[in-house]
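The values are calculated or read from the model by the stated rules, or taken from the named source; none is laboratory data. On a predicted model such as this, the values are computed, not experimentally measured, just so you know. Cβ atoms come from the backbone with ideal geometry, glycine included; neighbour counts cover every protein chain shown.
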Amino acid sequence: MPRINPSILAADFVNMQRDLGRIATADLVHVDVMDNHFVPNLTFGPQMVGRIQDVSTIPLDVHLMIDDPDRWAPGYAQLGAHSVTFHAEAAADPVALARRLRSLGARAGIALKPGTEADAYLELLAEFDQVLVMTVEPGFGGQSFMAETMPKLRTLREAVTARGLDVWLEVDGGITEETIVTAAEAGADTFVAGSSVFRAEDPAAQIAVLRDTAAGHMSQPLT
């Protein structure tokens, strides 16, 4: 089944533990860390992520939109995050960083902005556990899905399949019941959804709808 990872960027920060409980049927909880340098927004750092880790009943999918992830990303793995994803545009040595994250027990992910091509990373895919294709410009929630990123996702899916790799392909930004169809058909198997989940009257029911919708349109079944 496809994975649905609600983004707590759309949650009520004052009632974080309550909102985490409302998405207990999700696969992971997506945690956006922004430093107001790599992206023009500021969210939270290690202390807050550690607290979320303490109270969440589902694993953390940490997405670092920060400068110098080579220095800071390992700390999030040490907090116990299930996966830690850093941006290709910010990392000095993506392969070394991915290996360090794996050595600390976290899944290692690399994220690509909408304007970043995948070609330079196709031969390195085995070094990563997931590739996050940004379907909006990183920095703010609630943006519209960018369909022009789908050719990149298809390229990644073809490469992962051809090499027989177990690499998750994640999309983040503007994921709704409509756009999840487009992303699933293009090869995504892991979906970050913020507003469409947390603004629903019943977030758990919405997670089920998104999961079922994606499952019916995936380019290939998950094993």
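Provide a single number: the residues in segment 210-221 that are of a type outside the set (S, T, N, Q) and either closer than 19 Å to Glu137 by Cα or in a helix (DSSP H, G or I) (or both).
5
Screening Ala26, Ala111 for residues that are part of a strand (DSSP E or B) and buried (at least 19 other Cβ atoms within 10 Å of the Cβ) leaves exactly one candidate, Ala111.
Kindly evaluate Ala77 against the criterion of being aliphatic (A, V, I, L, M), assigned to a loop (DSSP other than H, G, I, E, B) and within 25 Å of Phe191 (Cβ to Cβ).
Considered against the rule, which asks whether it is aliphatic (A, V, I, L, M), assigned to a loop (DSSP other than H, G, I, E, B) and within 25 Å of Phe191 (Cβ to Cβ), Ala77 comes out as no.
Restricted to segment 1-23, and to residues that are of a type in the set (A, V, I, L, M) and assigned to a helix (DSSP H, G or I), which residue is surrounded by the fewest Cβ atoms within 10 Å (Cβ to Cβ)? Here the answer is Val14. Within segment 193-209, residues that are touching a residue at least 12 places away in the same chain (Cβ under 8 Å) reach partners that are of a type in the set (Lys, Arg) with beta carbons closer than 6 Å, at six or more positions or on different chains, in the pairs Pro203/Arg22. Any chance segment 172-193 includes a residue that's exposed (fewer than 14 other Cβ atoms within 10 Å of the Cβ), modelled with pLDDT under 95 and of a type outside the set (Asp, Glu)? No, there is no match, as no residue in segment 172-193 is exposed (fewer than 14 other Cβ atoms within 10 Å of the Cβ), modelled with pLDDT under 95 and of a type outside the set (Asp, Glu).
Residues are listed down the side, and each one gets a yes or a no for (1) in a strand (DSSP E or B); (2) basic (Lys, Arg); (3) surrounded by fewer than 19 Cβ atoms within 10 Å (Cβ to Cβ):
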{"residue": "His37", "(1), (2), (3)": "no, no, yes"}
{"residue": "Met48", "(1), (2), (3)": "no, no, yes"}
{"residue": "Arg51", "(1), (2), (3)": "no, yes, yes"}
{"residue": "Thr57", "(1), (2), (3)": "no, no, yes"}
{"residue": "Ala73", "(1), (2), (3)": "no, no, no"}
